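Report on one structure; see the data block that follows.
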Amino acid sequence: MDWLQGFFLHPVSLYQGAAFPFALLFNYLCVLDSFSTHARYLFLLAGGGALALAAMGSFAVLVLTPALWAAVLMAWLGPRDVHRWAFFFQMSWQTLCHLGLHYTEYYLQERASTRFCITLSSLMLLTQRVTSLSLDICEGKVKAASRGIRERSSLSDHLCKALPYFSYLLFFPALLGGPLCSFQKFQARVQRSSNLCPRHSVWALSWRGLQILGLECLKVVLGKVVSAGAGLTDCEQLQCIRVMWSTAGLFKLTYYSCWILDDALLHAAGFGPGFGQSPGEEGYIPDADIWTLETTHRISLFTRKWNQSTARWLRRLVFQHGRAWPLLQTFAFSAWWHGLHPGQVFGFLCWALMVEADYLIHTFARSFIRSWPMQLLYRTLTWAHTQLIIAYIMLAVEARSLSSLWLLCNSYNSVFPLVYCILLFLLGKRKHTFN
């Protein structure tokens, strides 16, 4: 079953682990007054270039080229135009790279190389940083350097003004993973000396290490259970529900482990909580809020907490600017950003419908369920239903072939999203009639 491929060998995690000594070294050097701001930008940039070459090989040019071009756009265009052009170029470049993956997997029927997949993942993160920075410039949160660039000055002056942008787009702690760090936080961290207590830093990193160890142990145990049992190809009736839940559990454990490792690398470099937070700005939030994700009975809350920095980025980039059907636009763009595989298109559109149904169902339930026993029963049933729907969506999004997607849709598991779709139709019609 193609869902289980690559669970236990994560090259990205190996490269992230190899970057830890350099992250700690950067944090230590920031204490020294002799380590200037330009030297810090160059250290982060050089580390990003070295990590890109090590992890991606010759495919690194697919990340370095758009980063260089985006830095030029940031430094040259005015605030009104920078976001439009940066978004257009970055998404066009990323889409062409994803089409190359489609050509390899669907037309040539070959498995894409690991380095190319790492490159695509890094390119998606680069898109986040490019569009986040261009929005900051467009909204006046970051001062554009275009006015100074257009003045007559030497090449070294041009490079110095573009260096912070280029360093931000390629700084090594966030090159292969991690929650989205805004340019303001990045710049504040680089320009400020390290003030983390070593004891506090060691404790924070040790706690993250213990979490990763626990998650990996759970993943090994669950992986043996999944491998020993039947798959979606040969499961029967209700047995397919257990297969779906356990397989989705493997995906969740993998994501949680990777997110905590990425968060630990940023923390080791000094980009964790407490740095660069502006007044009124939302503080540092890691991507993995495991407790909320595993205990919530609401799909909408799960959606906001799953990969939180990406959820906030999508909300700012698409949802807040959508005039009609902003929720559907957000999930459609998310499918585009992820690569537009058939499973992703189906999964994200299904996710949008589930969130819309979730709002109506819980609004309706609050009006009628009053007693404590009924509330407890309601929360228990909706928790189980929410986890099963999320498992269904997760397997759909991760499916890399039409046959795998068909097996999922043709199983008993489709009952769970179908129930929410029916309730969405009935409650939506009721709401329209009431209005």
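Among Ala18, Ala264, Ala357, the largest mean-square fluctuation in a Gaussian network model of the chain, built with springs joining Cα atoms closer than 10 Å, belongs to Ala18. By the helix-only formula, in which each DSSP H run with n ≥ 4 contributes -39500 (n - 2.57) and the sum is divided by residues, the chain has a 222 nm mean residue ellipticity of -24000 deg cm²/dmol. Summed over the residues of the chain and divided among them, the accessible surface reaches 50 Å² per residue at a probe radius of 1.4 Å. For the options Lys305, Lys185, Lys143, a Gaussian network treatment of the chain with springs between C-alpha atoms closer than 10 Å singles out Lys143 as fluctuating the most.
Using a 7 Å offset from Cα along Cα-Cβ at Thr363, what residues in segment 299-331 end up with backbone N under 19 Å from the label point? Label zone hits: 299-304, 319-320, 322-331. Computed over neighbours whose Cβ is under 15 Å from that of Leu175, the net charge equals 0, Lys and Arg +1, Asp and Glu -1. Within straight-line reach of Lys161, meaning a Cα separation under 23 Å, sit the following lysines at least 8 residues removed in sequence or on another chain: Lys141, Lys143, Lys185. Annotation for segment 18-64 versus segment 337-390: alpha-carbon center distance of 42 Å.
Here the chain is assigned +1 on the Cβ of each Lys and Arg and -1 on the Cβ of each Asp and Glu. Its dipole about the Cα centre then comes out at about 1040 debye.
Peptide packing: for 109-116, 325-332, 94-101, the average count of neighbouring Cβ atoms within 10 Å per residue gives the ranking 325-332, 94-101, 109-116, highest mean first.
Mind ordering 248-259, 71-82, 366-377, 289-300 by average Cβ neighbours within 10 Å, highest first?
Descending mean neighbour count gives 248-259, 71-82, 289-300, 366-377.
When a 1.4 Å probe is rolled over the protein heavy atoms, the share of accessible surface on segment 316-435 that falls to carbon and sulfur comes to 70 percent. Candidates Ala50, Leu29, Leu101 compared by Cα position along the dipole of the chain: farthest toward the positive end lies Leu29, with charges placed on Cβ.
Rounded to the nearest 20, the size of the Cβ-charge dipole of segment 11-196 about its Cα centre is 420 debye, with Lys and Arg at +1 and Asp and Glu at -1. Both radii were evaluated on the Cα set of segment 11-196; the Rg over Rh quotient, with Rh as the Kirkwood radius, amounts to 0.99.
Shape of the chain from its Cα gyration tensor (a ≥ b ≥ c, root eigenvalues): rounded if a/c is under 1.5, otherwise prolate when a/b > b/c, or oblate? It is prolate, given that a/c is not under 1.5 and a/b is the larger ratio. Take the Cα of Trp85, step 7 Å toward its Cβ, do the same at Tyr412, and the gap between the two points is 5.9 nm. The angle separating the long axis of helix 239-269 from the principal Cα axis of greatest extent in the chain is about 20 degrees.
Summary of packing: across the peptides 129-135, 29-35, 118-124, the per-residue average of other C-beta atoms within 10 Å ranks them, highest first, as 129-135, 118-124, 29-35. Sorting the Cα pairs of segment 371-429 by distance into bins of 5 Å, from 0 upward, gives 4, 17, 20, 20, 17, 12, 6, 3, 1, 0 percent per bin.
The values are calculated or read from the model by the stated rules, or taken from the named source; none is laboratory data. Worth saying up front: this structure is predicted, and the values here are computed from it rather than measured. Cβ atoms come from the backbone with ideal geometry, glycine included; neighbour counts cover every protein chain shown. Remember, those area values only see protein heavy atoms, side chains included, never the ligands or the DNA or RNA. Shrake-Rupley method; radii C 1.70, N 1.55, O 1.52, S 1.80 Å.
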